[in-house]
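We did not get these values from a lab; they are worked out from the coordinates using the rules stated. Not measured: the values here are computed from a predicted model. Neighbour counts are summed over all protein chains in view; Cβ atoms, including those assigned to glycine, are modelled from backbone coordinates with ideal geometry.
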Amino acid sequence: MKPFRVGIDAYSLKPLALDPFELLDWAIINDAEGVQFSEVPSEADDPGFLRELAQYAAQNDLYLEWGGGEHIPVDLTTGRPKDIAPVNERAARQAAALGVRTVRSCSGGLMRWREDAIPTETLLRDMAKSLRAQRTMFEHFGVKLAVETHFEFTTFELRRLFEMCDAEPGAYLGICLDTMNLLTMLEDPVAATRRILPWVVTTHVKDGAVVLAKDGLVSFPAEIGKGVVDFASILRDLGSLERDVALSVEDHGGEFEIPVFDPVFLAKFPDLAAPEFVELIRLATETKDRMDRRELAILDRPRWPEACEDRVKRDIAALRRFVTSA
């Protein structure tokens, strides 16, 4: 299996308020091999800044990955149509100037948790129409839009989106694989990774867990190696890809309620089959056992600023151990 480069997503260290060059320095000092700027720095429209950032990364043998993309052509607050083409062209232009071939896209989150949410099939149809029209632009810049497995669409739905866009693996659309978010969308991380594997171009490597609660399930991020995400299996699958995929650690505090005991909510996941739901329950049992043994706990989001730096350092070290043993 080919070696992986292990780096960080800048969001993990946001409480430190580091500027982009300080983030690269942090990566160098802490044995990370690159930085994914999933949130685009304010200086990103300055060609001189982009040139200097690319040069500094190259001088220190660091990979760069970029963000700023969007894939939902709707204002999720108002429900009104939104032109995302200029946003994506701006992000693609910046990425190309950096020599980066992907742009991470994250447009919303926890949408079907709202009673007034726009139906998923409507969003998929609108997305396909918008993204098909942007294909030539992405190809012009040589950039792929990496749609994150976030709290928006399941991997089943993203596969349907790619089919609607006539986007074959390796074309202008890809996936930023967030390994923990899959749990929140009621997917087994291993099975979901395999469903979407040919399209994976970037990652948010994040451990997590899921536990039974009064109203259903609760998912939460965990320090890498302490959660229930099967990284050994996922890394083997990622290692089978012909393209190189960097492993960018993303971590944060918080928890997410998943009201699976509500039949109206559960009906919003029509692709969820019994075997995968049973696997989620098994993972919930494993999570409870670890919590009972005090090996695993939910870190409240307000506590993340004080914990983030040391935990991300441990995340990097743990992920390297997984890579070494894969």
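Annotations
- Among the listed pairs Lys268/Lys288; Lys14/Lys82; Lys144/Lys268; Lys144/Lys206, a Cα-Cα separation exceeding 24 Å is found for Lys268/Lys288; Lys14/Lys82; Lys144/Lys268.
- Under-5 Å amide H pairs with Ser248, H placed in peptide plane, nonlocal only: Gly7, Thr203, Val205
- Of the beta bridges in the chain, as assigned by DSSP with both residues counted there, near 30 percent are antiparallel.
- Net +/- balance of residues flanking Phe265 in space, Cβ distance below 15 Å, scoring K and R +1, D and E -1: -2
- C-alpha center-to-center spacing [segment 200-226, segment 1-55] in angstrom: 24
- The antiparallel fraction among DSSP beta bridges confined to segment 164-234 stands at about 65%.
- Within the chain, longest stretch free of exposed trypsin sites (Lys or Arg not before Pro) [DSSP loop, at most 13 other beta carbons within 10 Å]: 1-113
- Burial ordering of Phe220, Phe49, fewest other beta-carbon atoms within 10 Å first: Phe49, Phe220
- MRE, 222 nm, helices only [DSSP H, n ≥ 4, -39500 (n - 2.57), over the chain, to nearest 500]: -12500 deg cm²/dmol
- Extending 7 Å from Cα along the Cβ direction at Ala133 and again at Asp75 yields two label points whose distance is 1.7 nm.
- Dipole magnitude of segment 190-287, debye to nearest 20 (Cβ charges: Lys/Arg +1, Asp/Glu -1, about Cα centre): 180
- Here the Karplus curve 6.51 cos²θ - 1.76 cosθ + 1.60, taken at θ = phi - 60°, turns the phi angles of segment 49-65 into couplings of 4, 4, 5, 5, 5, 5, 5, 5, 5, 5, 4, 10, 6, 10, 7, 10, 9 Hz, with x standing for Gly and Pro.
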